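Down below is the structure, laid out as C-alpha coordinates.
The values are calculated or read from the model by the stated rules, or taken from the named source; none is laboratory data. No experiment lies behind these values; they were computed from the predicted model shown. Because the Cβ atoms are built from the backbone with ideal geometry, glycine has one as well, and the counts that use them run over all protein chains shown. Note: areas computed on protein heavy atoms with side chains; ligands, DNA, RNA excluded. Shrake-Rupley method; radii C 1.70, N 1.55, O 1.52, S 1.80 Å.
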Amino acid sequence: MPEGDSVFRLAARLRRSFDGRLLRRGDLRVPAHATSALDGLRVVEHVTHGKHLLTRLDGGLTLHTHLLMQGSWTVTAAGRKLPRALLPDARVILEVEDGPTAYGLNLPVVDLLPTRAEADVVGHLGPDPLRDDWSAEEAAARLCRDPAERVAAALLDQRNVAGFGNLWANELCFLRGIHPDTPVADTDIPALVALGARCLRFSAVQPGAHQVTTGTTRKGEQHWVAGRAGKPCLRCGTTVCVRAEVPGDPGRRRTWWCPRCQPLRQSAPGGERRREGVG
(Lines give C-alpha, C1' and ligand atoms only; values in the text may rest on other atoms or scores of the structure.)
Protein backbone atom coordinates (compact mmCIF):
# COMPACT_ATOMS: atom_id res chain seq x y z
CA MET A 1 0.00 0.00 0.00
CA PRO A 2 1.42 3.43 -0.92
CA GLU A 3 2.44 5.51 2.09
CA GLY A 4 3.52 9.11 2.51
CA ASP A 5 7.04 8.49 1.26
CA SER A 6 5.70 6.74 -1.85
CA VAL A 7 3.44 9.68 -2.72
CA PHE A 8 6.28 12.13 -2.03
CA ARG A 9 8.46 10.28 -4.54
CA LEU A 10 5.59 10.24 -7.04
CA ALA A 11 5.17 14.01 -6.67
CA ALA A 12 8.89 14.53 -7.28
CA ARG A 13 8.68 12.51 -10.50
CA LEU A 14 5.61 14.41 -11.73
CA ARG A 15 7.21 17.70 -10.72
CA ARG A 16 10.23 17.08 -12.92
CA SER A 17 8.08 16.28 -15.95
CA PHE A 18 5.10 18.61 -15.63
CA ASP A 19 5.57 21.62 -13.36
CA GLY A 20 5.56 24.88 -15.30
CA ARG A 21 4.29 23.27 -18.51
CA LEU A 22 1.00 23.68 -20.40
CA LEU A 23 -1.37 20.76 -20.66
CA ARG A 24 -2.19 19.85 -24.24
CA ARG A 25 -4.70 17.40 -22.82
CA GLY A 26 -6.19 17.07 -19.38
CA ASP A 27 -8.95 14.48 -18.98
CA LEU A 28 -10.70 13.49 -15.77
CA ARG A 29 -12.51 10.23 -16.40
CA VAL A 30 -14.76 10.21 -13.36
CA PRO A 31 -18.49 11.02 -13.36
CA ALA A 32 -18.21 14.09 -11.14
CA HIS A 33 -15.70 15.80 -13.44
CA ALA A 34 -16.21 14.14 -16.82
CA THR A 35 -16.94 17.49 -18.45
CA SER A 36 -14.09 19.36 -16.75
CA ALA A 37 -11.46 19.83 -19.43
CA LEU A 38 -8.03 20.93 -18.20
CA ASP A 39 -6.65 21.50 -21.69
CA GLY A 40 -4.52 24.63 -21.93
CA LEU A 41 -3.98 25.02 -18.19
CA ARG A 42 -0.47 25.27 -16.78
CA VAL A 43 0.71 22.90 -14.07
CA VAL A 44 1.93 25.14 -11.27
CA GLU A 45 3.25 22.60 -8.78
CA HIS A 46 2.80 19.22 -7.13
CA VAL A 47 2.63 19.04 -3.36
CA THR A 48 1.72 16.30 -0.92
CA HIS A 49 0.18 16.00 2.50
CA GLY A 50 0.47 12.51 3.87
CA LYS A 51 -0.85 10.15 1.24
CA HIS A 52 -2.71 12.89 -0.65
CA LEU A 53 -1.39 14.36 -3.92
CA LEU A 54 -2.30 17.93 -4.85
CA THR A 55 -1.66 19.01 -8.45
CA ARG A 56 -2.08 22.78 -8.54
CA LEU A 57 -3.05 24.41 -11.83
CA ASP A 58 -3.20 28.03 -12.90
CA GLY A 59 -6.59 29.60 -12.69
CA GLY A 60 -6.78 28.66 -9.00
CA LEU A 61 -7.63 24.99 -9.46
CA THR A 62 -6.27 21.93 -7.67
CA LEU A 63 -6.52 18.31 -8.77
CA HIS A 64 -6.67 16.19 -5.62
CA THR A 65 -5.98 12.46 -5.91
CA HIS A 66 -5.43 9.59 -3.50
CA LEU A 67 -4.15 6.11 -4.32
CA LEU A 68 -5.73 4.24 -1.40
CA MET A 69 -5.05 0.52 -1.92
CA GLN A 70 -5.38 0.12 -5.67
CA GLY A 71 -4.38 3.33 -7.42
CA SER A 72 -1.14 4.04 -9.30
CA TRP A 73 0.44 6.50 -11.71
CA THR A 74 2.54 5.83 -14.77
CA VAL A 75 4.37 8.35 -16.95
CA THR A 76 5.12 7.68 -20.62
CA ALA A 77 7.75 9.52 -22.63
CA ALA A 78 6.88 11.91 -25.45
CA GLY A 79 5.32 10.02 -28.34
CA ARG A 80 4.58 6.95 -26.22
CA LYS A 81 1.12 5.87 -25.16
CA LEU A 82 -0.31 3.65 -22.47
CA PRO A 83 -1.06 0.11 -23.73
CA ARG A 84 -4.59 0.04 -25.10
CA ALA A 85 -5.63 -2.69 -22.67
CA LEU A 86 -4.91 -0.37 -19.72
CA LEU A 87 -6.71 2.71 -21.04
CA PRO A 88 -10.06 1.78 -19.42
CA ASP A 89 -8.30 1.98 -16.04
CA ALA A 90 -7.14 5.56 -16.61
CA ARG A 91 -9.06 7.98 -14.39
CA VAL A 92 -6.74 10.94 -15.09
CA ILE A 93 -4.76 11.73 -18.26
CA LEU A 94 -2.36 14.69 -18.25
CA GLU A 95 -0.35 15.30 -21.42
CA VAL A 96 1.97 18.21 -22.20
CA GLU A 97 2.87 19.40 -25.68
CA ASP A 98 5.88 17.50 -27.08
CA GLY A 99 6.35 15.92 -23.68
CA PRO A 100 5.33 13.08 -21.41
CA THR A 101 1.86 11.90 -20.44
CA ALA A 102 0.83 10.93 -16.92
CA TYR A 103 -1.91 8.34 -16.42
CA GLY A 104 -3.63 7.96 -13.07
CA LEU A 105 -4.82 4.36 -13.03
CA ASN A 106 -7.68 3.03 -10.89
CA LEU A 107 -7.59 6.13 -8.73
CA PRO A 108 -10.41 5.84 -6.18
CA VAL A 109 -10.26 9.55 -5.32
CA VAL A 110 -10.25 12.24 -8.02
CA ASP A 111 -11.42 15.71 -7.03
CA LEU A 112 -11.18 19.05 -8.82
CA LEU A 113 -11.61 21.97 -6.47
CA PRO A 114 -10.54 25.58 -5.97
CA THR A 115 -7.01 25.77 -4.58
CA ARG A 116 -8.31 27.99 -1.79
CA ALA A 117 -10.54 25.05 -0.69
CA GLU A 118 -7.77 22.46 -0.31
CA ALA A 119 -8.44 22.38 3.41
CA ASP A 120 -11.75 20.70 2.61
CA VAL A 121 -9.87 17.56 1.55
CA VAL A 122 -6.66 17.67 3.61
CA GLY A 123 -7.50 19.97 6.51
CA HIS A 124 -8.28 17.03 8.79
CA LEU A 125 -4.78 15.58 8.45
CA GLY A 126 -2.15 15.75 11.15
CA PRO A 127 1.40 17.04 10.68
CA ASP A 128 3.45 15.45 7.90
CA PRO A 129 7.20 14.83 8.43
CA LEU A 130 7.78 15.50 4.72
CA ARG A 131 6.30 19.00 4.74
CA ASP A 132 7.99 22.28 5.62
CA ASP A 133 5.35 22.94 8.28
CA TRP A 134 6.12 19.70 10.15
CA SER A 135 5.73 19.95 13.92
CA ALA A 136 6.94 17.00 15.98
CA GLU A 137 5.37 18.54 19.07
CA GLU A 138 1.95 18.77 17.43
CA ALA A 139 2.22 15.18 16.16
CA ALA A 140 3.12 13.90 19.63
CA ALA A 141 0.27 15.84 21.21
CA ARG A 142 -2.24 14.40 18.75
CA LEU A 143 -0.95 10.85 19.23
CA CYS A 144 -1.38 11.23 23.00
CA ARG A 145 -5.01 12.37 22.84
CA ASP A 146 -6.21 8.83 23.56
CA PRO A 147 -3.80 7.25 26.08
CA ALA A 148 -5.55 3.87 25.88
CA GLU A 149 -5.25 3.57 22.08
CA ARG A 150 -2.98 0.89 20.62
CA VAL A 151 0.18 2.61 19.47
CA ALA A 152 0.04 0.99 16.02
CA ALA A 153 -3.54 2.17 15.53
CA ALA A 154 -2.62 5.67 16.70
CA LEU A 155 0.17 5.83 14.13
CA LEU A 156 -2.21 4.75 11.38
CA ASP A 157 -4.74 7.48 12.22
CA GLN A 158 -3.89 10.18 9.68
CA ARG A 159 -5.53 12.78 11.90
CA ASN A 160 -2.66 12.31 14.35
CA VAL A 161 0.27 12.24 11.96
CA ALA A 162 0.03 12.03 8.18
CA GLY A 163 2.06 9.64 6.06
CA PHE A 164 2.58 6.50 8.12
CA GLY A 165 0.83 3.48 6.63
CA ASN A 166 0.77 -0.09 7.81
CA LEU A 167 4.34 -0.90 6.83
CA TRP A 168 5.77 2.01 8.78
CA ALA A 169 3.50 1.48 11.78
CA ASN A 170 4.76 -2.08 12.14
CA GLU A 171 8.40 -1.36 11.38
CA LEU A 172 8.59 1.61 13.75
CA CYS A 173 7.17 -0.48 16.58
CA PHE A 174 9.88 -3.07 15.97
CA LEU A 175 12.63 -0.49 15.79
CA ARG A 176 11.51 0.97 19.12
CA GLY A 177 11.12 -2.49 20.68
CA ILE A 178 7.44 -2.05 21.50
CA HIS A 179 4.56 -4.41 20.83
CA PRO A 180 2.00 -2.93 18.39
CA ASP A 181 -0.73 -3.41 21.02
CA THR A 182 1.10 -1.30 23.61
CA PRO A 183 -1.13 1.55 24.85
CA VAL A 184 -0.04 5.02 23.87
CA ALA A 185 0.27 5.87 27.57
CA ASP A 186 3.03 3.27 27.94
CA THR A 187 4.98 4.46 24.89
CA ASP A 188 7.71 7.08 24.60
CA ILE A 189 5.77 9.00 21.95
CA PRO A 190 8.30 11.82 21.35
CA ALA A 191 11.04 9.25 20.67
CA LEU A 192 8.72 7.30 18.35
CA VAL A 193 7.78 10.47 16.46
CA ALA A 194 11.42 11.50 16.05
CA LEU A 195 12.39 8.08 14.71
CA GLY A 196 9.41 7.92 12.39
CA ALA A 197 10.08 11.35 10.91
CA ARG A 198 13.74 10.51 10.32
CA CYS A 199 12.91 7.18 8.66
CA LEU A 200 10.16 8.59 6.45
CA ARG A 201 12.39 11.39 5.20
CA PHE A 202 15.25 9.03 4.43
CA SER A 203 12.91 6.66 2.60
CA ALA A 204 11.39 9.53 0.60
CA VAL A 205 14.59 11.04 -0.76
CA GLN A 206 17.47 8.57 -0.54
CA PRO A 207 18.09 6.61 -3.77
CA GLY A 208 17.60 2.88 -3.25
CA ALA A 209 16.28 3.31 0.29
CA HIS A 210 12.54 3.46 -0.36
CA GLN A 211 10.87 1.59 2.50
CA VAL A 212 14.02 -0.38 3.30
CA THR A 213 14.06 -0.47 7.09
CA THR A 214 16.82 -3.00 7.74
CA GLY A 215 19.55 -1.37 5.67
CA THR A 216 19.75 -4.27 3.23
CA THR A 217 17.99 -4.52 -0.13
CA ARG A 218 18.27 -8.30 -0.41
CA LYS A 219 14.94 -9.90 -1.26
CA GLY A 220 13.06 -10.87 1.86
CA GLU A 221 15.35 -8.85 4.12
CA GLN A 222 14.24 -5.28 3.44
CA HIS A 223 11.88 -5.25 6.46
CA TRP A 224 12.23 -6.42 10.04
CA VAL A 225 8.71 -7.79 10.53
CA ALA A 226 6.28 -6.49 7.87
CA GLY A 227 5.40 -9.30 5.48
CA ARG A 228 7.65 -11.79 7.33
CA ALA A 229 5.05 -13.87 9.17
CA GLY A 230 6.38 -17.31 10.09
CA LYS A 231 9.95 -16.38 9.24
CA PRO A 232 12.78 -15.98 11.76
CA CYS A 233 13.34 -12.51 13.15
CA LEU A 234 16.38 -11.01 11.47
CA ARG A 235 17.63 -9.84 14.86
CA CYS A 236 16.99 -12.73 17.26
CA GLY A 237 15.73 -15.67 15.18
CA THR A 238 12.32 -15.93 16.90
CA THR A 239 9.41 -16.65 14.56
CA VAL A 240 7.64 -13.46 13.50
CA CYS A 241 3.95 -13.38 14.42
CA VAL A 242 1.06 -11.93 12.45
CA ARG A 243 -2.54 -11.04 13.16
CA ALA A 244 -4.80 -11.10 10.13
CA GLU A 245 -6.47 -7.80 10.94
CA VAL A 246 -6.86 -5.24 13.66
CA PRO A 247 -10.31 -5.51 15.31
CA GLY A 248 -12.57 -2.81 13.96
CA ASP A 249 -10.11 -1.68 11.29
CA PRO A 250 -12.01 -1.00 8.04
CA GLY A 251 -8.73 -1.39 6.12
CA ARG A 252 -8.32 -4.94 7.49
CA ARG A 253 -4.60 -4.34 7.85
CA ARG A 254 -2.27 -6.98 9.19
CA THR A 255 -0.06 -6.56 12.23
CA TRP A 256 3.38 -8.17 12.49
CA TRP A 257 5.73 -8.37 15.47
CA CYS A 258 8.58 -10.37 16.99
CA PRO A 259 7.44 -11.73 20.38
CA ARG A 260 10.98 -11.64 21.76
CA CYS A 261 12.13 -8.25 20.48
CA GLN A 262 8.71 -6.68 21.11
CA PRO A 263 7.28 -8.24 24.30
CA LEU A 264 3.85 -7.07 25.33
CA ARG A 265 4.06 -5.60 28.81
CA GLN A 266 0.91 -5.96 30.87
CA SER A 267 -0.03 -5.10 34.41
CA ALA A 268 0.38 -8.05 36.74
CA PRO A 269 -1.28 -8.53 40.17
CA GLY A 270 0.21 -6.12 42.67
CA GLY A 271 0.73 -3.41 40.07
CA GLU A 272 4.03 -4.79 38.75
CA ARG A 273 4.75 -5.02 35.05
CA ARG A 274 5.55 -8.35 33.40
CA ARG A 275 6.93 -9.23 29.99
CA GLU A 276 5.05 -11.59 27.69
CA GLY A 277 6.37 -13.57 24.79
CA VAL A 278 9.99 -13.84 25.97
CA GLY A 279 11.22 -17.36 25.37
- Note on the structure: Classified through the alpha carbon gyration tensor (a ≥ b ≥ c as square roots of its eigenvalues; rounded if a/c is under 1.5, else prolate when a/b is larger than b/c, else oblate), region 4-123 comes out rounded
- Sorted by accessible area with a 1.4 angstrom probe, largest first, how do 253, 265, 16 fall? 16, 265, 253
- Message: On a full-extension model of 0.36 nm per residue, what is the gain between residue 34 and residue 218, subtracting their alpha-carbon distance, rounded to one decimal in nm?
- Response: 61.8 nm
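Can you work out the FRET efficiency for the pair residue 74 and residue 148, with r the C-beta to C-beta distance and R0 = 41 Å, to the nearest 0.05?
On the way: r = 43 Å, r/R0 = 1.05.
Computed FRET efficiency for residue 74 and residue 148: 0.45.
To the nearest 20 debye, what is the magnitude of the charge dipole of the chain about its Cα centre, counting +1 on the Cβ of each Lys and Arg and -1 on the Cβ of each Asp and Glu?
Values: 38 positive and 31 negative charges, 212 e Å.
My answer is approximately 1020 debye.
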- So which aspartates and glutamates pass the test for residue 51, namely a Cα distance under 13 Å, with those fewer than 8 places away in the same chain ruled out? 3, 5, 128, 157
- Note on the structure: Under the Karplus relation with 6.51, -1.76 and 1.60 and θ = phi - 60°, whole-Hz ³J(HN,Hα) for region 65-75, x at Gly and Pro, equal 10, 9, 7, 6, 8, 10, x, 7, 10, 9, 10
- Query: Which value in deg cm²/dmol, rounded to the nearest 500, describes the helix-derived mean residue ellipticity at 222 nm for the chain, given -39,500 (n - 2.57) per DSSP H run of n ≥ 4 and division by the residue count?
  - Reply: -6500 deg cm²/dmol
- Which GluC sites (Glu not before Pro) does region 171-262 hold that lie in a coil by DSSP with at most 13 other beta carbons within 10 Å? 245
- Query: Which one of 35, 112, 220 has its Cα pushed farthest toward the positive end of the charge dipole of the chain, where Lys and Arg give +1 and Asp and Glu give -1 at the Cβ?
  - Reply: 220
- Rg to Rh quotient for the chain, alpha carbon positions, Kirkwood Rh: 1.03
- Can you find, among 59, 70, 232, the residue farthest towards the positive end of the dipole of the chain? Put +1 on the C-beta of Lys and Arg, -1 on that of Asp and Glu. 232
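Work out the length of the dipole vector of region 4-123 about its Cα centre, built from +1 on the beta-carbon of each Lys and Arg and -1 on the beta-carbon of each Asp and Glu, and round it to the nearest 20 debye. Don't skip to the end; give the middle numbers.
Working: 16 positive and 13 negative charges, 69 e Å.
That gives a dipole near 340 debye.
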- Message: Once you place label points 7 Å from the Cα toward the Cβ at residue 87 and residue 138, how far apart are they in nm?
- Response: 4.5 nm
- Task: Please state, to two decimals, what the Cα-based radius of gyration of region 124-213 comes to when divided by 2.2 N^0.38 Å (N = residues).
- Result: 0.99
- Message: Students often forget the sequence filter, so: which lysines lie under 26 Å Cα-Cα from residue 231 once same-chain residues fewer than 8 apart are removed?
- Response: 219
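Would you mind working out the accessible area per residue for the chain, using a 1.4 Å probe, and quoting it in Å²?
Values: 13440 Å² over 279 residues.
Dividing the accessible area of the chain by its residue count gives 48 Å².
Could you check how much of the accessible area of the chain is carbon and sulfur, as a whole percent, using a 1.4 Å probe?
Values: 6870 of 13440 Å².
Using a 1.4 Å probe with all protein chains present, the chain comes out at 51 percent carbon and sulfur.
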